[in-house]
Amino acid sequence: MTTPPLTLYNSLTRAKDVFTPIDPDHVRLYACGPTVYATAHIGNARMAVVFDLLVRVLRHIYPHVTYVSNITDVDDKIMDAAAETGRDISDITAFYTEVYNADMAALGNAQPDIQPRATAHIPEMIAMITALIDHDHAYAVDGHVLFNVPSYPDYGRLSGRNRDDQIAGARVEVAPYKRDPADFILWKPSSSDQPGWDSPWGRGRPGWHIECSAMAARHLGLPFDIHGGGVDLKFPHHENEIAQACCAHHTPRDAADFARVWVHNGFLTVGGEKMSKSLNNFITAHALLEGGMKGEVIRLALLGAHYRQPSDWSDDSVHQAQKMLDKLYTVLQRAPGDHAVPTSADPELVAALCDDLNTPQAIAVLHRLIDAARQDDAHMSVLKASCDLMGLGQHDPATWFATPEIGDALVAQIERLIAARETARKARDFAQADTLRQELTALGVTLEDTSEGPKWRPNNT
Ligand code: AMP
Ligand code: ZN
């Protein structure tokens with residue numbers, strides 16, 4: 001059975017379309033990442049898990065995939081956190097970026113190929129804003145630069161918002177410098193105690209939306225294949241990204257000439273309500289890991305609902321995920337050597353994932369594969385390959401079941417440190433990698449770098 005075509009629901013066409021890459025030799029995607037002023041909640045984690053899965057499926061089909069996901073490290077919320085805590089902004093953003101990456105790694109997410117930081121791309125943003133002014137899509141006033149929404153006829157196409165909705169949705173502050181109530185900020189002035197960069201419009205800082213247009217263009221080139229993020233970003237963030245990127249040229253481009261396919265994950269909810277910092281109903285991935293919940297349990301619970309549907313976080317979804325993974329590792333434990341056998345994932349599982357990432361269906365297939373491998377070792381390698389495709393079953397079964405003996409929280413901490421060390425090593429930050437190894441030694445862990453990646457065991461075994 002050959003791999004069926006990948007279909008994805010495209011928010012721009014409002015249809016489930018067959019995915020046709022611009023260049024089948026190199027698929028390029030961008031997903032909007034976190035603002036790093038606090039630890040990520042599991043709603044943010046849902047976005048990271050969904051796009052990690054999409055990247056895995058794309059890599060299964062195409063030879064070369066570049067996944068870019070940004071870090072927003074300049075934002076008023078970060079400035080507020082600095083004011084509240086007295087900490088340096090750069091300390092806060094570096095710290096929470098590291099925590100985010102370690103937490104997402106613990107959930108089985110591979111690090112994006114490129115993780116651009118907004119503050120490292122200010123010249124690209126200034127260049128794009130300058131082009132927008134040159135082509136009469138933006139104007140400077142009192143140290144601010146604003147995008148003029150009526151100048152772009154395609155504005156509203158992604159979200160389907162008409163002009164009245166746009167104005168209402170823009171949550172317009174009373175701003176006398178706006179030519180049109182829907183206009184939005186590209187650049188704003190900074191006082192001397194606020195982070196700021198010199199620009200043709202004075203010392204200031206970028207608005208949020210411009211960073212993604214500038215960083216996607218810089219790292220992927222235009223147009224690229226897939227742009228994603230949570231459904232909350234459709235308007236205004238993604239609508240504004242399209243407007244900026246498409247108007248920075250002599251003739252405004254069509255919305256699809258920024259990114260072809262727009263993929264939006266639904267909300268993670270608690271008691272039916274969107275999980276968010278502002279509603280104060282959030283649970284962080286970090287706290288769950290600290291509390292001893294295994295990263296793969298969180299991952300599987302997050303994949304239990306189809307990515308476009310709301311997913312309600314509940315003890316029951318966690319319990320189901322834990323039960324299934326315990327069953328999986330019980331089977332894997334029986335034939336640990338089979339992990340290395342090269343084979344392909346189950347065709348039905350691949351077909352389910354190629355059907356707009358139908359994870360409920362894929363998980364049903366996985367249940368069947370676990371049962372089959374329980375009966376007969378011959379099914380073990382297909383099971384393992386299928387798990388790999390979903391980013392599950394990635395731990396040494398002995399470690400999985402060793403957990404209660406040495407404490408869940410400690411295992412979570414060890415795995416986070418190992419993931420952070422891997423990130424440091426990839427970035428060739430060997431001093432940081434050594435420090436992390438020393439921390440692991442201090443926790444009583446022996447770490448071995450093997451061809452299959454790092455393996456650890458308690459010193460006394
Ligand atoms: P933020 O740090 O709020 O900009 O969010 C980072 C990413 O997580 C974005 O792609 C958001 O759309 C996504 N996100 C935020 N809250 C939720 C939620 N409750 N459920 C699903 N995705 C979310
Ligand atoms: Zn973005």
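The values are calculated or read from the model by the stated rules, or taken from the named source; none is laboratory data. All values reported here derive from a predicted model rather than from experimental measurement. All Cβ positions, glycine included, derive from the backbone under ideal geometry; neighbour counts span all protein chains shown. For the accessible areas, the whole protein counts, side chains as well, though only heavy atoms, and no ligand, DNA or RNA atoms are used. Shrake-Rupley method; radii C 1.70, N 1.55, O 1.52, S 1.80 Å.
Identify all residues within region 25-77 that are more than 15 Å from ligand 1 (Cβ to nearest atom) and basic (Lys, Arg); write none if there are none.
Scanning region 25-77 gives 28, 56, 59.
For region 255-265, does any single residue satisfy the condition of being part of a loop (DSSP other than H, G, I, E, B), away from ligand 2 (no atom under 16 Å from the Cβ) and surrounded by fewer than 23 Cβ atoms within 10 Å (Cβ to Cβ)?
Within region 255-265, the subset part of a loop (DSSP other than H, G, I, E, B) is 258.
In the following step, the residues that additionally are away from ligand 2 (no atom under 16 Å from the Cβ) were identified as none.
No, that holds for no residue.
Exactly one condition in (1) part of a loop (DSSP other than H, G, I, E, B); (2) crowded, with 16+ Cβ neighbours inside 10 Å is not met by residue 289; state its number.
It fails just one condition, (1).
Any residue in region 276-291 that's more than 13 Å from residue 408 (Cβ to Cβ): show its pairings with residues that are part of a loop (DSSP other than H, G, I, E, B) and within 16 Å of ligand 2 (Cβ to nearest atom) at Cβ separation under 6 Å, as long as the two are six or more apart or on different chains.
Sorted first by the residue in region 276-291, then by its partner, the pairs are 285/40.
Being open to solvent by 20 Å² or more (accessible area, probe 1.4 Å) and of a type in the set (Val, Ile, Thr) is the filter here, so list the residues in region 30-61 that pass it.
Within region 30-61, 35, 39, 61 meet the criteria.
Quick one: which strands (runs of 3 or more DSSP E) sit completely within region 8-117 and have at least 1 residues that are within 15 Å of ligand 2 (Cβ to nearest atom) and in contact with a Ser or Thr (Cβ under 8 Å, 6 or more places away or on another chain)?
27-31
Taking residue 27 and the conditions (1) within 21 Å of residue 230 (Cα to Cα); (2) more than 16 Å from the chain's Cα centre (by Cα); (3) open to solvent by 10 Å² or more (accessible area, probe 1.4 Å), which numbered condition does it fall short on, given that it satisfies the others?
(3)
Residues that are over 24 Å from residue 49 (Cα atoms), at least 3 per element: which helices (runs of 4 or more DSSP H) completely within region 352-461 meet that? Talk me through it step by step, then tell me what you get.
Working: elements: 359-375, 380-390, 397-406, 408-426, 430-442.
Fully inside region 352-461 and qualifying: 359-375, 397-406, 430-442.
List every residue pair whose Cβ atoms lie under 8 Å apart, where the two residues are 6 or more positions apart in sequence or sit on different chains, the first residue falls within region 63-78 and is more than 25 Å from residue 28 (Cβ to Cβ), and the second residue, located anywhere, is more than 10 Å from ligand 1 (Cβ to nearest atom) and among the polar types (S, T, N, Q).
Going by the 8 Å Cβ cut-off, the qualifying pairs are 78/93.
Condition test on residue 208, is it within 15 Å of ligand 2 (Cβ to nearest atom), within 28 Å of residue 42 (Cβ to Cβ) and modelled with pLDDT of 95 or more?
Values: within 15 Å of ligand 2 (Cβ to nearest atom): yes; within 28 Å of residue 42 (Cβ to Cβ): yes; modelled with pLDDT of 95 or more: no.
Here the answer is no, as residue 208 does not meet what is asked.
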